[in-house]
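A.B. asks: Here it is, the structure, as structure tokens.
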Amino acid sequence: MKKSVFIALAFVLLASIAAAEEVSITRSIPQITSPNQEFKVSLHIEVTGADPSGLIISETIPEGWQIVGAQSSCIVNNETRLIKCVLYGDLGTPLAYTLKSPQSKGAPEAVILGEWKTLTASGQVKGGLLKIAEPEQETERPAQSAQSSANQQPQTQNQGTQNQATQDNPMVLYIGVAATALLLLAVIFRMTKKKK
Amino acid sequence: MDFRVKLLAVLALLFALPAFALEPSITESSPAPNSSYTTTPQLIPYRFTINYAEISNAGNTRGEGASYSWQTTLISESNPTRVFTFNEAEIINRGGMDPYGIHTYVGDIASKRLSAGNYRLRFTFRWRHSNDPYTDWNHEIPITITGPEPPTTPEAYFEMVQVLPTGDARQRRYASGTEGSFPVEVRHMERQTGKTVIAWGRNAEIKQVENPDLAINNAQAQFGYGMMGPFGLTSGVTNVHNTLPLGHYNVIVRYTWKESDAARSPLSTFEYTEEVRIPFEVFDPQNDHFVVERHLPRNQIIPGTTFTARLLADPRSDSFNGIIITENLPQELEYVSIEDALRPLKSSNPIVWLLRDVNSVPFTEIRYGLRVREGTSEGSTINMSGTAEVLGDQKQIAGNSTITVAGLNLECPVANQVLLNYIENWGSFVRGELEDDAPLVDDITVLQVIERWNSCGEAQ
């Protein structure tokens, strides 16, 4: 009898061991192909089991990667390199913040340290390797290669590319300005006529 | 109005509008709208050519600098805000050609594990001149994916393996006030052949089990490691200094990596995260027999909200095959079952857990939920008691035994402004800007307030 009770208890113990986490959060990071590139880190939140009323996510950004900004449900502490977000209501709302890659292309790969917590559970945020990769180019003009969300350097057309700047006449703009002037004239003419 | 004036006005508008409604034009776009694909993993190529010469010319005229960028995103029609993980889909840009004012943007959507449904490919051209606000111009192509549910992400071909230290945690016990160290070696080994690691990153930290939020500085304990060695080797030494407080700790080494086949096909490239936890302990030699400690939130508890209590069953230098832990809940508290927690043998008061091991019960953490019943007096104190029993011995549960009921006026309904005020104060706490005399609104407090607000419903 004693043996069977112990066996039953053992089964109960084994059976009681936890199922999957109630929350799973994965980072999604676009291609980073250049130093000083701004990019958005998105957090994919999946809730299984009971829906927690609130969720706090803490992301610690590695040295060398700059925090540019975060959406309004997040707080940024630049001193501790911490981005902390509180979610409530619709936990399916995606979360995102913006970082900037290091100035040096040779910066080593890095991992964001992320945790989430509810009132009854906690866990790690997964995925999202920070790495400056070579863009996979087709041909031609590597200096103008497309990047997923990169800004080209501002075009300073008054330096060195002056010829190029003056080659194409901005006809449409001139016509637009002229048309606006015409419209103003028409209004003034009308008002003058009315006054008379 | 005079006819001539009307005519002038209309002509002026017709000429003026194009100048101010600067937009690029798409001259080439693929895939074709409403193209259909299956859930079978595949590359979906895209190609967009836009002519933005007018915009570029306008920028040149101003001569104050200009910025242009391009981006492709994939949007689910059923959930437009859905974020796709790397293992579901990857957007791969393959560069393009850019004669002045014309840009061809090419790439692939690597559909690795996309479910059936309607999607949109959105090509965004973003520009600004000088310090003007950014302007986004979008071109969208609807596509459809059909078929059965895609397979799950494959199991990783690589895994983390702890090489050092060997032996169980009991071999890494350090008496309080002494110095100690142990080597750590973790490798990234091949579980099955066929792929290589193409990108890899790691981090490591030391955390206390009793208080995971405890900040541990290098003067207390440190895990020092060098550059990555062969086979993804992390090799270093954990130094435990004499100032590290009593408690149980874990050295946590975490790897995130991408692995792919020899051809580096995007469809075979997946990302994984894994960790290894190496426990050690700082103990009091004067008090080295088994104990079960209760850990409660230090926060005041709002009636009606759930909080987590923890029981740490610590054998210390003792060895036993079984231990029964009993919690006698006072009438003000009710037990709440929480997921991902060791279920009690008996969940009605008193709550009972049984821990067993054929060798010796190891250090074990038990988490369970509690709720202060509605109507409990604000500001009152609730005392908890319980026992831990092994063969031939019984002790009271040590550690925290007191819960203070919050003296907050959070009767239902909780006004939105009240919630927002707490969140504002929590923000100050996170930024380290909390005034000395301001009430502490940490993570647990704000989560409690949210739960209270949520359970009540919004204020009228």
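The values are calculated or read from the model by the stated rules, or taken from the named source; none is laboratory data. The model shown is predicted, which means the values in this text are computed figures rather than measured ones. Methodologically, a virtual Cβ is constructed for each residue, glycine included, from the backbone with ideal geometry; neighbour enumeration extends over all protein chains shown.
A.B. asks: Kindly establish whether B:His129 is surrounded by 15 or more Cβ atoms within 10 Å (Cβ to Cβ), touching a residue at least 24 places away in the same chain (Cβ under 8 Å), farther than 18 Å from B:Asn239 by Cα and in contact with a Lys or Arg (Cβ under 7 Å, 6 or more places away or on another chain).
C.D. replies: For B:His129, the condition - surrounded by 15 or more Cβ atoms within 10 Å (Cβ to Cβ), touching a residue at least 24 places away in the same chain (Cβ under 8 Å), farther than 18 Å from B:Asn239 by Cα and in contact with a Lys or Arg (Cβ under 7 Å, 6 or more places away or on another chain) - is met.
A.B. asks: Restricting the search to the range A:1-28, which residues are buried (at least 19 other Cβ atoms within 10 Å of the Cβ) and at pLDDT 85 or above?
C.D. replies: Across the range A:1-28, the qualifying residues are A:Val23, A:Ile25, A:Thr26, A:Arg27, A:Ser28.
A.B. asks: Under the condition of being aliphatic (A, V, I, L, M) and more than 14 Å from chain A (Cβ to nearest Cβ), which residue from the range B:160-194 is nearest to B:Phe283 (Cα to Cα)?
C.D. replies: As a first pass, look at the range B:160-194 and keep what is aliphatic (A, V, I, L, M): B:160-161, B:163-164, B:169, B:175, B:184, B:186, B:189.
From what's left, more than 14 Å from chain A (Cβ to nearest Cβ): B:161, B:163-164, B:169, B:175, B:184, B:186, B:189.
Working: B:Val161: 28, B:Val163: 25, B:Leu164: 22, B:Ala169: 12, B:Ala175: 5, B:Val184: 21, B:Val186: 26, B:Met189: 34 Å.
Top of the filtered list is B:Ala175.
A.B. asks: Okay, moving on. Quick check on my filter: what residues within the range B:246-303 are of a type in the set (Ser, Thr, Tyr) and closer than 30 Å to B:Glu389 by Cβ?
C.D. replies: B:Tyr249
A.B. asks: Here is a follow-up. So, B:Thr445, is that one within 13 Å of chain A (Cβ to nearest Cβ) and either modelled with pLDDT of 95 or more or surrounded by 20 or more Cβ atoms within 10 Å (Cβ to Cβ) (or both) or not?
C.D. replies: Details: within 13 Å of chain A (Cβ to nearest Cβ): yes; either modelled with pLDDT of 95 or more or surrounded by 20 or more Cβ atoms within 10 Å (Cβ to Cβ) (or both): yes.
Considered against the rule, which asks whether it is within 13 Å of chain A (Cβ to nearest Cβ) and either modelled with pLDDT of 95 or more or surrounded by 20 or more Cβ atoms within 10 Å (Cβ to Cβ) (or both), B:Thr445 comes out as yes.
A.B. asks: Would you pick out the residues in the range B:195-212 that are more than 10 Å from chain A (Cβ to nearest Cβ) and assigned to a loop (DSSP other than H, G, I, E, B)?
C.D. replies: B:Lys195, B:Val209, B:Glu210, B:Asn211
A.B. asks: Among residues belonging to the range A:47-66 that are farther than 18 Å from A:Val86 by Cβ and facing chain B (nearest Cβ under 10 Å), point out the one that is modelled with the highest pLDDT.
C.D. replies: Once the filter is applied, the top-ranked residue is A:Pro62.
A.B. asks: Applying the selection to the range B:373-389, what residues are in contact with a Gly (Cβ under 7 Å, 6 or more places away or on another chain) and surrounded by 14 or more Cβ atoms within 10 Å (Cβ to Cβ)?
C.D. replies: The answer is B:Glu378, and nothing else.
A.B. asks: Check A:Val41, A:Val86 and return the single one that is within 8 Å of another protein chain (Cβ to nearest Cβ), surrounded by 19 or more Cβ atoms within 10 Å (Cβ to Cβ) and aliphatic (A, V, I, L, M).
C.D. replies: Step by step, each of A:Val41, A:Val86 is checked, and only A:Val86 is within 8 Å of another protein chain (Cβ to nearest Cβ), surrounded by 19 or more Cβ atoms within 10 Å (Cβ to Cβ) and aliphatic (A, V, I, L, M).
A.B. asks: Something else: Any idea how many residues of the range B:90-112 are modelled with pLDDT of 90 or more and among the acidic types (Asp, Glu)?
C.D. replies: Residues in the range B:90-112 being modelled with pLDDT of 90 or more and among the acidic types (Asp, Glu): 2 in total.
A.B. asks: For the range B:32-89, list the strands (runs of 3 or more DSSP E) that sit wholly inside it and hold at least 3 residues that are within 11 Å of chain A (Cβ to nearest Cβ), at pLDDT below 85 and crowded, with 21+ Cβ neighbours inside 10 Å; which are they?
C.D. replies: B:66-76
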